[in-house]
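The values are calculated or read from the model by the stated rules, or taken from the named source; none is laboratory data. Treat the numbers as computed from the prediction; the structure is a model and nothing was measured. Here Cβ is always computed from backbone atoms with ideal geometry, including for glycine, and neighbour counts include all displayed protein chains. Ligands, DNA and RNA are stripped out before the accessible areas are found, and what is left, the full protein with its side chains, is counted by its heavy atoms. Shrake-Rupley method; radii C 1.70, N 1.55, O 1.52, S 1.80 Å.
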Amino acid sequence: QESMSRYDRMASRGTRLLNRYTAWKARKQPAATGFVSQPEPRTIGSFARGRQLVAGNLLLAGYLVESSTTGLWDVDAPDFAFEAERQGCTWLDDLAAVGDIKARRKAQHWVWGWIDEFGNGTGPG
């Protein structure tokens, strides 16, 4: 069983390295000028979770962080599952399901925060 968990860690490390290389390589390409077709949303999102996020209750991977003023990327991730869910951006679908101005502002603030933090291809995402 020890060798299997060691293999999982090595595979995970290799995947992260490959993702970082791909992100770095993509930065060197010219920017896309438009879509060939309009992409469909992957999910609709949860209105209830969106309301909780707007209220400042960040519930990701079973961890609850309560703060209406803290940015999503200012919170220290307690473990990798929390970070993976935060980087997965399903919270953006939840905020879109709410659809009001507060949810929109929070979504914009968090997206710009992600760009400031990780937009240069660094970090776990």
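Which ones in the range 64-73 are open to solvent by less than 50 Å² (accessible area, probe 1.4 Å) and touching a strand residue (DSSP E or B) at 6+ places or on another chain (Cβ under 6 Å)? Matches in the range 64-73: VAL65 only.
Which members of the range 74-125 meet the condition of being of a type in the set (Phe, Trp, Tyr) and open to solvent by 30 Å² or more (accessible area, probe 1.4 Å)? Across the range 74-125, the qualifying residues are PHE80, TRP112, TRP114.
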